[in-house]
Amino acid sequence: PMRIGATTETQFFNGTIDDVFLTTQAITPDVLTSLSCLTHPSTLTVNPATSGPVQPNTNVHYDITLTNNDVGACQAKSYQAFDFGSDPGISVNFSFPPGNFASALPGAQAKFGVEVSGSEDADPGLHTVPLAIQAFGGPPNFPFEQFTPQLNYELIAPTGCFVSTRRELMITHTSVVDD
């Protein structure tokens, strides 16, 4: 007979037993250790949530933090960030880590720094900057995750006399003025 949670028929275990592993094969300590990995989805935070209203040519720094919520003898998760492109006049640059690639052991965090700025050619208003972050885990489960954080960058109209080059009117023939 197989008993789990007790050594005799009169004993009992008051609780929950999960993920029981039985084998008739000899296994190595490495295999047994790898079976103690419990994968959980990573969590993501973006700080600040929004830039607030800023003048053109103002850099705003965003911190993106991913927490590896795996438990046990899991390998580190690798995270890679991508810029999906943004509105005309808005520029996005990853300030760290190099190559937009970071990793985190179970219970640890991976961080990305992103700089966003808008030129005078960008339309005033709220710009949502789309990003993608992919996570790859190691053995035994090789989990894959994808995140789509959005950075909110709010650009105000330039002050003083200003003509946007995207909206200026070019007169190519003087007959238009003569009318």
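The values are calculated or read from the model by the stated rules, or taken from the named source; none is laboratory data. Computed from a predicted structure; not experimentally measured. For neighbour counting, all protein chains shown are included, and Cβ atoms are generated from backbone atoms with ideal geometry for every residue, glycine included. For accessibility, only protein heavy atoms count, side chains too; no ligands or nucleic acids. Shrake-Rupley method; radii C 1.70, N 1.55, O 1.52, S 1.80 Å.
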**Q.** Any chance Ala26 is out of contact with any Lys or Arg (no Cβ under 6 Å at 6 or more places or on another chain), at pLDDT 85 or above and more than 28 Å from Phe147 (Cβ to Cβ)
**A.** yes
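A quick yes/no check of all residues on (1) surrounded by 10 or more Cβ atoms within 10 Å (Cβ to Cβ); (2) touching a residue at least 12 places away in the same chain (Cβ under 8 Å); (3) not aromatic (Phe, Trp, Tyr):
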| site | (1), (2), (3) |
| --- | --- |
| Ile4 | no, yes, yes |
| Thr8 | no, no, yes |
| Leu38 | yes, yes, yes |
| Asn47 | no, yes, yes |
| Ser51 | yes, yes, yes |
Q. Can you pull out the residues in region 82-98 that are closer than 30 Å to Cys37 by Cβ and touching a residue at least 12 places away in the same chain (Cβ under 8 Å)?
A. Phe82, Phe94, Phe96, Pro97
Q) Yes or no: Glu154 modelled with pLDDT of 90 or more and among the acidic types (Asp, Glu)? A) yes
Q. Which members of region 108-131 meet the condition of being under 16 Å from Pro97 (Cβ atoms) and open to solvent by less than 60 Å² (accessible area, probe 1.4 Å)?
A. Ala108, Ala110, Phe112, Gly113, Val114, Glu115, Leu131
Q) What's the number of the condition Gly99 fails, among (1) closer than 18 Å to Val46 by Cβ; (2) modelled with pLDDT under 90; (3) outside any loop (DSSP other than H, G, I, E, B)? A) (1)
